[in-house]
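Step one of this worksheet: look at the structure below.
The values are calculated or read from the model by the stated rules, or taken from the named source; none is laboratory data. All values reported here derive from a predicted model rather than from experimental measurement. So basically every Cβ, Gly included, is an ideal-geometry build from the backbone, and we count neighbours across all protein chains shown.
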Amino acid sequence: MIRRHHPQPPSGPKPTKPEGYGGRIPVSGVPRRRSRLLVGLGALALAAAGVSGVGHPGATAAAATGAPRPTLTFANGTTQSTLGAAYTKALTNLLDTNTVSYDPSVYNSSGLMTSNPQTFIRAGGGYAQPWTRDAAVNSWNAASLLEPKQAANTLWSAVVKQSNGQLIVQQDNEQWDQVVWAIGAWNHYLVTGDQSFLTNAYQATTNTLNTRKSANYNSSYGLFQGPAFFNDGIAGYPAPPADATESHGGYVGDYAATSTMMTLSTNAVYYQAYRSAALMAAALGKSASEVNALNSQADSLKSAINNHLWNAGKGLYGYFVHGNDSLSGQLDPTEEGTGLSFAILFGIASPAQAQSILANAHLQPNGIVDTYPNYARYSDAQPGRHNVVVWPMVEGYWADAAAQSGNQPRFANEVQNLARLANTSGQFAEIYNAQTGAVDGGWQTGGHWGAAPDQTWSATAYLRMIDNDLFGLNFTTGGITFKPTLPAGWGDATLSGVQYRGATLTIALHGAGNVVSSFKLDGAASTANSVPASLTGTHTVDITLTGSQPTPATGTILSDVNSNKCADDNAGSSANGTHVQMWDCNSTPAQTWTRQADGTIRINGACLDVQAAGTADGTPVQLYTCNGTGAQQWTVTNGTLVNPASGKCLDDPGGNTANGTQLLIWTCDNGNNQHWAIP
C-alpha cells in the first residue's frame, strides 16, 4: 500500500521503518519517498541542527533565495516588536529556510517545473519535500505572491503527466486531500495572471475531480468520503472510527471505517475545488454548459454539507458523518477548527451561520485547536496530536474567517496568539500545546511525539493573516481589491515592497477598523478601493479606516426614484443569469437582500453579480453563484452601491421604475437612479 510515513514516538510500540511510498514514480523508475514526518525526537534534533533532508531523496536545503521581500512597519513600538517581529520570522521561514533546490528526475513528472530557478518549497524543517496538501496551502497562503516561480514549481511537483499525456494531481494513499491543489492553483492564477499555468491547471483539476468522484463520492449523502483535510493521524478521531488503544498504529488509513466517513473539512475543500474549477473554466472561455456543470456540482455539495453536517442545537457544523462503523449515519459533534474556518471562508455557511460559528466555537488559551473537546483517551495533560492542540495552519484560516466576517476581536486575538507563539519559541513550529504554548507534538499510539521545527505552513499562515487580512489583499482577475482589518490599538501599519505582477506597492493603513473611509492611489482619491492588474512601476496606496463593518444586514434595496419600487430577484430564482430588476415592493423573499461583511450582496443563496465581470456602462446586473470575484463586490458610498472592480454604480436605467426594468452598472453620477435605501 502506498503510504505516507507518520512518526513514531521515541519509545513507541511500532518499528521506525518507513511505512511505504506516496506520490508518483519518477522517470528513473524509483518511487519518490514521501515520508510525512521524521521519526522520533532524534530526527527532529537533526533537523533543528540544520541536517535537513535526512532520508529524503531529491531535495537539498538552500541558502536565502535573494527574493525581494516586503517590510512590515507599525507606528506603535509594542506592535512592531510583536507582530512585526513575527512577520520577519515568517518571511525567513518561507523564503530562506524552506525554499530549497530540487532534483528534476525525482519531482518533475509533470514536465512543467522550471529550472530557473531550480527551487521549490518544502513542507518544513522536518520534511525535506512538499506534498500535495502542503504545496497547495503554502502557495495559497503566501508563496504565490512572495515567490511566484517557486510557488508554481511547488504546485507542479505534485502533478503527474499520465501515459495519455493528461495531467492529474499525484495519486497517493491520502486521496482525500488531493483536490485542495485546485484551490491553490486558482489563487496562483489570480495573483500572477499566468494564462499558460491556468490552462494546464484546469486540466489537472478536472481530471483529479473526475477521478476522485468516481472513487470516493457517496451518492446517497451527496458527500465525499474519507478522513479530514489534514488529520492523517488517528489521534484526530474519536472512537469509533478509532479504538481506545489505537491498536492499528498512528496512520488514519489503517482504520477501515475512516475510508467511508464524510468529514466537514474535506467536503468543504471539494466544494471549493469545484467552484475553483468553474472559475478556471470561465476564465479560459469554456462553454457555459461546462461552467454551469461544475458550479452545479458545487451547489449540490453545499446543500449536502448543510443538510447533513450542520448541528442546529450547537450552532456549529459537526465534524463528520460516521461511515461503516457502529454509529453509521450519525453526526459526530466534535468541533473541527479547519472545517469551521473553511465553511465560513468558502461561503458554505450563511451569514447567520458564520456569526454563530464565530460566537460558539471553543477557543483555548493559545488559540483555535485542531479538534475539540479532548477525546476520552486524551486530556489537557496528554493532548492528542490532532485533538486539542494548536496547529498554526488552522489558526491562519480561523483568523481569515474572522476577518472576512467582520469579527475584529476574533481576528486580533488569533493574530496575537500566533505571533506570541512564534516569538516565544523563536520559530514557527509545527504544533503547540494549547494550554501552555510550548512546542508540543502531542500524544498518539501511547507515546509523546515531537513537533517538527520551522514548519512552512505555520509561517505562511501568519503571512496570510497579515497580507490577506490586516492589509486586505483580495486578488481578483482584474487586480487587487483592498479590504483591510486594522484592530484598534495596533497603530498605523505600512507594508512596503510588495511585488505584484509588474508593480511594486507600498500600502499604508491609517486609523483603525475595517471600513474604508478614504482610499488613495499615489495621492489621488478613488472609490474603487483597488488597483488594476495592469499597473506597473512603483506606487503607494493610502487607506484610512474607521469603525467596524456591520454584521450582515438583511432587508430591501429600495429605489430613491420611487419609494414603492425595490430591487427584485426575478421570479425568486437563484439560477445563474437571473435578472435583477425593478418591481413593486412586496416584502417577499425575492426582495430580501443580505449585505455581507465580505462585500457581497446575497439573495436566495446567490450573489449580486456584474455580468461577465464587465466594466462598460450598461453592463447588466444579474444573480450568479457566489465565487469571490470582483464582479460580486459592492461598497456603499453615500447611498450608492459601487462595484469596485469596474468603478461603476448600480443603476436604474433612465430612472425607469416600470416592473421588469433590468438593473445595470453605469458611471457614477450622483443621480437619484443610483441612490438606494440599503440594508
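If the condition is being within 20 Å of GLN632 (Cβ to Cβ), surrounded by 20 or more Cβ atoms within 10 Å (Cβ to Cβ) and within 26 Å of the chain's Cα centre (by Cα), then segment 530-585 contributes SER530, VAL531, GLN549, PRO552. Within segment 630-670, the set of residues being of a type outside the set (A, V, I, L, M, F, W, C) and in contact with an Asp or Glu (Cβ under 8 Å, 6 or more places away or on another chain) comprises GLN632, GLY639, LYS648, ASN659, THR661, THR667. The residues listed here are ASP669, ASP609; of these, the one that is of a type in the set (D, E, K, R), touching a strand residue (DSSP E or B) at 6+ places or on another chain (Cβ under 9 Å), modelled with pLDDT of 90 or more and in a loop (DSSP other than H, G, I, E, B) is ASP669. The residue that is farthest from GLU246 (Cα to Cα), among those in segment 373-423 that are of a type in the set (Phe, Trp, Tyr) and assigned to a helix (DSSP H, G or I), is PHE411. Evaluating VAL580 against the criteria (1) part of a strand (DSSP E or B); (2) more than 22 Å from ALA354 (Cβ to Cβ); (3) free of Cβ contacts under 8 Å to residues at least 40 places away in the same chain; (4) not aromatic (Phe, Trp, Tyr) leaves one unmet condition, (3). Residues that are among the hydroxyl-bearing types (Ser, Thr, Tyr) and either modelled with pLDDT under 95 or farther than 15 Å from VAL159 by Cα (or both) were ranked within segment 205-225; the one that is surrounded by the most Cβ atoms within 10 Å (Cβ to Cβ) is TYR221. The single residue among SER163, SER109, SER115, SER101 that is closer than 24 Å to GLY193 by Cβ, among the hydroxyl-bearing types (Ser, Thr, Tyr) and outside any helix (DSSP H, G or I) turns out to be SER115.
For segment 621-661, filtering for residues that are under 30 Å from SER518 (Cβ atoms), over 26 Å from the mean Cα position of the chain (by Cα) and either in a loop (DSSP other than H, G, I, E, B) or free of Cβ contacts under 8 Å to residues at least 24 places away in the same chain (or both) leaves 5.
Of ALA239, ALA304, ALA281, ALA215, all but one fail to be under 15 Å from PHE320 (Cα atoms), hydrophobic (A, V, I, L, M, F, W, C) and in a helix (DSSP H, G or I); the exception is ALA304. A residue that is in contact with a Ser or Thr (Cβ under 8 Å, 6 or more places away or on another chain) and in a helix (DSSP H, G or I) occurs somewhere in segment 243-263. Checking each residue in segment 413-425 for being within 19 Å of GLY125 (Cα to Cα), touching a helix residue (DSSP H, G or I) at 6+ places or on another chain (Cβ under 8 Å) and surrounded by fewer than 21 Cβ atoms within 10 Å (Cβ to Cβ) picks out only ASN423. Within segment 467-483, the set of residues being surrounded by fewer than 24 Cβ atoms within 10 Å (Cβ to Cβ) and either closer than 24 Å to SER425 by Cα or in contact with a Phe, Trp or Tyr (Cβ under 6 Å, 6 or more places away or on another chain) (or both) comprises ASP467, GLY472. Residues in segment 652-679 that are of a type in the set (Asp, Glu) and within 15 Å of THR637 (Cα to Cα): ASP669 alone. Figure legend. Inter-residue proximity from segment 323-336: first residues among the small types (Gly, Ala, Ser) and at pLDDT 95 or above, second residues part of a strand (DSSP E or B) and surrounded by 18 or more Cβ atoms within 10 Å (Cβ to Cβ), beta-carbon distance below 7 Å, spacing 6+ or different chains. Indicated pairs: GLY323/MET262; GLY329/VAL321. In this structure, LEU358 does satisfy being closer than 30 Å to GLY599 by Cα and not β-branched (Val, Ile, Thr).
Under the condition of being among the acidic types (Asp, Glu) and within 17 Å of the chain's Cα centre (by Cα), which residue from segment 325-370 is surrounded by the fewest Cβ atoms within 10 Å (Cβ to Cβ)? Ranking the qualifying residues of segment 325-370, first place goes to ASP370. Counting only strands (runs of 3 or more DSSP E) wholly contained in segment 439-540, the ones carrying 3 or more residues that are polar (S, T, N, Q) occupy 493-500. Can you confirm whether segment 131-154 contains a residue that is at pLDDT below 95, hydrophobic (A, V, I, L, M, F, W, C), under 24 Å from the mean Cα position of the chain (by Cα) and not in a helix (DSSP H, G or I)? Checked against the condition, which is being at pLDDT below 95, hydrophobic (A, V, I, L, M, F, W, C), under 24 Å from the mean Cα position of the chain (by Cα) and not in a helix (DSSP H, G or I), segment 131-154 yields at least one hit.
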